[in-house]
Amino acid sequence: MNDEKQAAAKERVYSEAEIVERLKNELPKWYYENGWIRRKYKTHSWKSTLMVINTVGHLAEAAWHHPDLAASYAWVEVKLMNHAAKGVTDKDFELAKKIESVVQWQPATEGGALEGTPPTDQRFAYIKYD
């Protein structure tokens, strides 16, 4: 058995009911559909869409676990499913949590030195935060 198949054999694949419950408790903006956990991020422009795609790409490569992406002018959809395990595993939940925390990060709400993008100037509009 090759290394990829051995690793996949050890990974727990969650049932649909377990996935829905975990999403509800851990990632409420994500949903389960057709074998994937998914999230659509709304952006203000193509530039913002590309920034989200690059951010997700960086996190996925660092994690060595790669989502499927779909995009248009003002949105990016992230779809996660472990191809080797043929289902949703802990890898999918962990990467989804990291993507969520980075893409939804709003420095201005933390009270630190970082102010975030100006909310009143559309020239700098970025993510449409939930």
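Taken together, the values in this text are just the output of simple stated rules run on the coordinates, not laboratory data. Just so it is clear, the model here is predicted, and its values are computed rather than measured. A quick note on method: Cβ atoms are made from the backbone with ideal geometry, for glycine too, and the neighbour counts reach across all protein chains shown.
Of note:
- DSSP-assigned coil residues among GluC sites (Glu not before Pro) in the stretch 62-130, each with at most 16 further Cβ atoms within 10 Å: GLU115
- With at most 14 other Cβ atoms within 10 Å, longest stretch of the chain clear of loop trypsin sites (Lys or Arg not before Pro) (DSSP): 30-85
- Qualifying chymotrypsin sites (Phe, Trp or Tyr not before Pro) in the stretch 39-130, where qualification requires a DSSP coil assignment and no more than 11 other C-beta atoms within 10 Å, comprise TRP64, TYR73.
- Unit charges on C-beta of K, R, D, E only; dipole of the stretch 3-104, Debye: 320
- Put simply, the chain fits an ellipsoid with semi-axes of 30, 15, 14 Å; these come from the alpha carbon gyration tensor as the roots of five times its eigenvalues, largest first.
- Nearest 10 degrees, 0 to 90: helix 90-103 Cα axis against the chain principal axis: 0
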